[in-house]
Ligand code: AMP
Ligand code: GLY
């Protein structure tokens, strides 16, 4: 088979790495890819939002399956275009990807189908949003409805901060049209976890449990990023809670989408807030998480290709996934200044020594090749992922590799996995 992966981050490097191990696969392509992906896949210079370019590449190269990493091409309708051209594709249609593309749609769907989520109100007008916010308690959560690369959610500790968040989204329009509407949400307490499942329209096959760290600073402080690290399994998600999430969240959501004429195929990712025995959905993503995919795929023992194909064509029934019982932990190394502003083009050293460590995988995110050097090329640069018998041991191994990798102003959190490790010690 010939498989194309769309995207250029650490998640796509992990997907390409895993897909390339399948005996069913002759060639993996990645559009546009990065310097690390280029060592496993043939990178083609087509951007992930170039729907025409991707459709024509898939058709001309006779690609057997296209796997889409990021949300933007999904929301732009890449799946619909490829299907119309008769191509097999892993990912939800434009209508189904609206679950991630519109927080207003997501909240209203949860409301209509009794899927547990935070209480909320929707506003299309800044003054009305502010008037309502003045009547609420803080902390309060202000969300731009549309896609904002994970940055459109503001947890506000004070009323002035909440008013400023509304202005930033709706008046200064820092996220453009994504800020046409805002969702104002009740602040939830608890511990977050990510629940991902493969979905073929009706069947839901859960992946192993995982958790990420979204905040840039240690102790989960500071602004949110795409994710600074992740691990699997997530001890907070007990078997009982997983069953509850399947019954109360995953299956009802897939059924709701089908009932609304938006059947879901691909990977469905629920961002959850867990508070004792209670689970609420913070968000849905209609794609693999980044960096959750890195530890998940390092633990996946089954061939991923038949699974992706089955989700794409509607034949997941009866399939299972075999997982390495060990834990995997991924530390994201970022450019100093991320998620705000940062330099690129800085030479990266130590990659060979780090990747020679046993049970360590380096997944490149924002990297590029400049002559014979690998250089930084984005905010999140490298996902250093290690496998070991406990999360604590995986953390030690990952940081051993992290310390070997260097560039000017590299930044990483030193506490990835702290909650899970505290639970392991209990
Ligand atoms: P979202 O993209 O909606 O998941 O939001 C990004 C992050 O903001 C989440 O991972 C949480 O850390 C935080 N967050 C979102 N909604 C809430 C909420 N209702 N209560 C507390 N924290 C929230
Ligand atoms: N790690 C969070 C996300 O992929 O959205």
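The values are calculated or read from the model by the stated rules, or taken from the named source; none is laboratory data. Remember, it's a predicted structure, so these values are computed and weren't measured experimentally. Please note: Cβ atoms are built from the backbone with ideal geometry, for glycine as well, and neighbour counts cover all protein chains shown.
Details
- Subset of the range 347-367 (residues that are crowded, with 18+ Cβ neighbours inside 10 Å and out of contact with any helix residue (DSSP H, G or I) (no Cβ under 7 Å at 6 or more places or on another chain)): 348, 351, 366, 367
- In the range 2-22, the residues that are touching a helix residue (DSSP H, G or I) at 6+ places or on another chain (Cβ under 9 Å), more than 14 Å from residue 294 (Cα to Cα) and in a loop (DSSP other than H, G, I, E, B): 21, 22
- Residue 157 vs. criteria more than 10 Å from ligand 1 (Cβ to nearest atom) and either closer than 26 Å to residue 292 by Cβ or touching a residue at least 40 places away in the same chain (Cβ under 8 Å) (or both): no
- Scanning the range 322-349 for residues that are in a strand (DSSP E or B) and over 30 Å from residue 96 (Cβ atoms) yields a total of 8.
- When residues of the range 56-101 are limited to those that are within 16 Å of ligand 2 (Cβ to nearest atom) and in a loop (DSSP other than H, G, I, E, B), the one farthest from residue 307 (Cα to Cα): 70
- Taking the criterion of being crowded, with 20+ Cβ neighbours inside 10 Å and within 16 Å of ligand 1 (Cβ to nearest atom), the residues of the range 189-205 that qualify are 193, 194, 195, 196.
- Exclusive hit being outside any helix (DSSP H, G or I), surrounded by 15 or more Cβ atoms within 10 Å (Cβ to Cβ) and at pLDDT 95 or above, set 163, 169, 115: 115
- Members of the range 218-232 that are more than 16 Å from ligand 2 (Cβ to nearest atom) and in contact (Cβ under 8 Å) with a residue 40 or more places away in the chain: 218, 219
- Conditions (1) within 12 Å of ligand 1 (Cβ to nearest atom); (2) in a loop (DSSP other than H, G, I, E, B); number of the one not met by residue 174: (1)
- Residue in the range 156-177 that is under 20 Å from residue 269 (Cβ atoms) and touching a strand residue (DSSP E or B) at 6+ places or on another chain (Cβ under 8 Å) present: no
- The single condition among (1) within 16 Å of ligand 2 (Cβ to nearest atom); (2) touching a helix residue (DSSP H, G or I) at 6+ places or on another chain (Cβ under 6 Å) that residue 332 does not meet is (2).
- Residue match in the range 121-133 (condition: in a loop (DSSP other than H, G, I, E, B) and over 30 Å from residue 337 (Cβ atoms)): yes
- Residue list for the range 371-426, filter: modelled with pLDDT under 95 and either part of a strand (DSSP E or B) or in contact with a helix residue (DSSP H, G or I) (Cβ under 7 Å, 6 or more places away or on another chain) (or both): 424
- Test: residue in the range 233-242 that is surrounded by fewer than 16 Cβ atoms within 10 Å (Cβ to Cβ), under 30 Å from residue 304 (Cβ atoms) and under 20 Å from the mean Cα position of the chain (by Cα): no
- Within the range 19-34, the set of residues being surrounded by fewer than 21 Cβ atoms within 10 Å (Cβ to Cβ) and touching a residue at least 24 places away in the same chain (Cβ under 8 Å) comprises 21, 22, 23, 24, 25, 26, 27, 32.
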